[in-house]
Structure formats: structure tokens, C-alpha cells
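The values are calculated or read from the model by the stated rules, or taken from the named source; none is laboratory data. Worth saying up front: this structure is predicted, and the values here are computed from it rather than measured. Neighbour counts run over all protein chains shown; Cβ positions are idealised from the backbone, glycine included.
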Amino acid sequence: MHIYPDALAVVGASAPDQPAILNRPHAAARAARFFVEKFPGKSLYAVKANPSPELLRVLWDTGVTHYDVASITEARLVRTTLPEATLCFMHPVKAPGAIREAYRDHGVRVFSLDSLEELEKIKAATADDAGNAAEDLTLCVRLRVSSEYSELSLASKFGCDLTDAAELLQATRQAADSLGVCFHVGSQAMSPHAYVQALEKARAAIVDASVLVDIIDVGGGFPSIYPGMEPPPLEDYFGVIDRTYESLPVSYSAELWCEPGRALCAEFNSMIVRVEKRRGDELYINDGAYGALFDAAHVGWRFPVKLLREEASDDFVPFSFYGPTCDDMDHMDGPFELPADIKAGDYIEIGMLGAYGAAMKTAFNGFGATEVFEVSDEPMASQYRGDRRDPRVSDNVVSLR
Ligand SMILES: *Cc1c(COP(=O)(O)O)cnc(C)c1O
């Protein structure tokens, strides 16, 4: 694939009629290297954040060997793309057929669960034809933990409450060769304390159940950088996780795992969109709520933006966006700060779309086609560049102007 220096060069070369996704393999590799080298345990990539095969290969080449899949389709995809990868099926509610196929055809041995019903389902689906139970299962009990430090909650849907955890841990211990405790503190966790609180819950569950635990899996939630959301450095997260984990009552040979999605892929993609119309401070662009901008539309997420033009006004004003489909819901409040003289025909780069952005595109209303280009410049913000401003003083890290 031809490598362009940046988004402006892509526009100059091809003036794309459709939104264009830009890949930055170097940024994903840097993120992966950071987790592989600095997280005090094993890092599983949460595939749902961005299942692009190019990204999967970059992560694999950088040393990420384990992949958290949440559906049988993701399991098949990773197995096909990375034949030697270790797959972990970490969705706590699975179809029996999906468990069976994962176990028999894709070599999956790690499963998560949050109920006795799911435990029975896993036991039945992994037994052999004579009904003998599988003896090589790693089963991770998902605890419900608070999402109070996160921008996107994962607290209401999954997870076993502390009051039921002892019984479930004891029953799971009987069926598991290796027993884990896992949780998810919610996505974009803005404080390392989220993990301390969750690990203390894990401690209470383990003590209560008096079982031998072999794996502590702190899940995802590691943050990236967006306008108005600059988290502390990831080293701070790793530090408190390590210290808290070391004091847990787990087996002598226990392992610490994490499942980053966002933090490994946010910097991998940005997108070029075109302004098709301007109405005052509203810009009609060619991607939106049903494309890569789901979070911008539905949870008011602000992504960094940049006008792709050599010369522009240095007076920046706030704009909102309309996407291309025919309904009012296809609207993104922003505010997105752009030069005051922006007009129809201009191109905008929207940054930090690697996580839950590029992966969310649908073909609704006939939109969704995209071309993909590779670029070599820096993402609009980075957790991994070593040039971060002091998080206590900044409100908007991203250099928009
Ligand atoms: C979504 C998810 C992740 C990844 O979460 P991020 O916030 O993107 O890091 C990890 N584990 C599980 C079980 C998930 O559902």
C-alpha cells in the first residue's frame, strides 16, 4: 500500500468523494509495545474495539499474543487472520453453538461467565460426545464493579454481584482447570482508582469464597486522549494495579491479565470527511452517526478535528455536524472548533477514531463506503509519545490549531 505523509497529501492526491479511513500502523505498534513492555502481566487485545485485520497483524507482530473475542464471528476472524493467536471468549452470555465451535474448531479454552446458568452451558457445550467434561478449561468469573470513573458504563449489563460471587466461584472452581476473576471498570476510565476499587471487590469475593484463584483479569477501560478528556499517564494505572494485585490472596503462580481495546487502537485511525454544505454554524459532512461517528452522535463524544487546507482563517469557531443520512438523529453536537471560513467542498480530518469509530460503520441509507489509506504522520493526540502536558493543567490536549 502506498504510504502518504498525512491527510492533506491524501486529499491532494485523490480528493475522495467518500469518507476515507486513514491507518497509522506505527501508532498502533507503539501502543502495543507500551502494553507488552510495561503492563505488569499479560495484555489481551479486545477485538471488538477495532477488528481490522491490518490492525490485528500489527498487534501480533508487536508481541500481542492473546485476543479477547466477544462473538463467534470475531473468533473466526482472529483465527483466520492470526492462526497462532490465543483466543479468549470473554463475553459472559454466549450461544451454546458459539461455545462449542470456539472450543472444538478454534482451540478456545478461556471463557468468562457471570452466572451458574452460563457455567452449565459452558460445561455442556465443551463436553465430548460421550459426555465427559472438558478438563482443560480456564474459566473467568466476571464480577460487577462500579463504572463511576468511566465515560462509558459497562456496569448494568454484566457481572455477578458480590452476594452471589462465593457460590459461583466455588462452582466454577470445580469445573475449571484454571480459575480467574475478571471485571470491566467501564470504558475510558479517567482515574487509576477505578481499578483499585474493583480489585478490592475481587479481594472480598475471593476471601468470601475461599477458593484458589489463578488469574486476575482487570479487563479494559484504559483511556485514550480526546478534547476535554486527558487522563493521567498509563504508567499510573499500571503502578496501582500492580501494587494492589501483589497484595491479593491468589495462588503463588497466579497471573495478572488485562484486556485493553480503546488504548491499543484509538490512535490507529482517523478519517477524512468532506463538507457538502454549510448552514451557519452547522456543517453537513459525509459521515456520521451510522458511520464512524456513533459516539460523537449518541454520547456526545468530542473528537479532535482539523481543516485540510493550506491556508485558512485563524479565527476558530464552534461548529456542529450533520451526517449524510436523512434523519435528524444523524447529528453531532461537538462543539468542533474549526476555522471561521470553512465552506462546502472543504475536507476535515477527524482524529482518534481507531476505537469504536472505524469499527462502527454501517451501510444504512446507502452510505458507508470508504477507501482506506496509510499515512505516516502522528495521530492528533497520543498517550505514547512522551510529550504529554501536565494533566492537571490542561483541559484540551489536542493541538487543534
Ligand atoms: C469492550 C471490552 C473490553 C475493552 O474495553 P476498552 O474500554 O475498549 O478497553 C475489554 N473486555 C471486555 C470484556 C469488553 O467487553
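Looking at the range 1-66, the helices (runs of 4 or more DSSP H) lying wholly inside it that each contain 2 or more residues that are on the phi < 0 side of the Ramachandran plot, within 16 Å of the ligand (Cβ to nearest atom) and under 16 Å from the mean Cα position of the chain (by Cα) sit at 25-38, 53-61.
Any residue in the range 220-235 that is within 19 Å of the chain's Cα centre (by Cα), in a helix (DSSP H, G or I) and within 16 Å of the ligand (Cβ to nearest atom)? Taking every residue of the range 220-235 in turn, at least one turns out to be within 19 Å of the chain's Cα centre (by Cα), in a helix (DSSP H, G or I) and within 16 Å of the ligand (Cβ to nearest atom). Scanning the range 177-187 for residues that are surrounded by 24 or more Cβ atoms within 10 Å (Cβ to Cβ) and either more than 16 Å from the ligand (Cβ to nearest atom) or part of a strand (DSSP E or B) (or both) yields L179, G180, V181, C182, S187. Taken together, the residues in the range 188-211 that are within 19 Å of the chain's Cα centre (by Cα) and in a loop (DSSP other than H, G, I, E, B) amount to 3. Is at least one residue of the range 371-379 at positive phi and assigned to a strand (DSSP E or B)? Taking every residue of the range 371-379 in turn, none turns out to be at positive phi and assigned to a strand (DSSP E or B). Checked against the criterion of being under 16 Å from D333 (Cα atoms) and crowded, with 20+ Cβ neighbours inside 10 Å, the candidates V317, V299, V275 yield just one match: V275.
Reported count of residues in the range 248-270, each being surrounded by fewer than 24 Cβ atoms within 10 Å (Cβ to Cβ), away from the ligand (no atom under 13 Å from the Cβ) and touching a residue at least 40 places away in the same chain (Cβ under 8 Å), is 6. Do we have A171 as part of a helix (DSSP H, G or I), under 27 Å from the mean Cα position of the chain (by Cα) and surrounded by 14 or more Cβ atoms within 10 Å (Cβ to Cβ) here? Criteria not met by A171.
Scanning the range 256-296 for residues that are among the charged types (D, E, K, R), in contact with a Ser or Thr (Cβ under 9 Å, 6 or more places away or on another chain) and within 25 Å of D68 (Cα to Cα) gives E259, R262, E267.
Candidates V69, V58: the one that is out of contact with any Cys (no Cβ under 9 Å at 6 or more places or on another chain), surrounded by 18 or more Cβ atoms within 10 Å (Cβ to Cβ) and at pLDDT 95 or above is V58.
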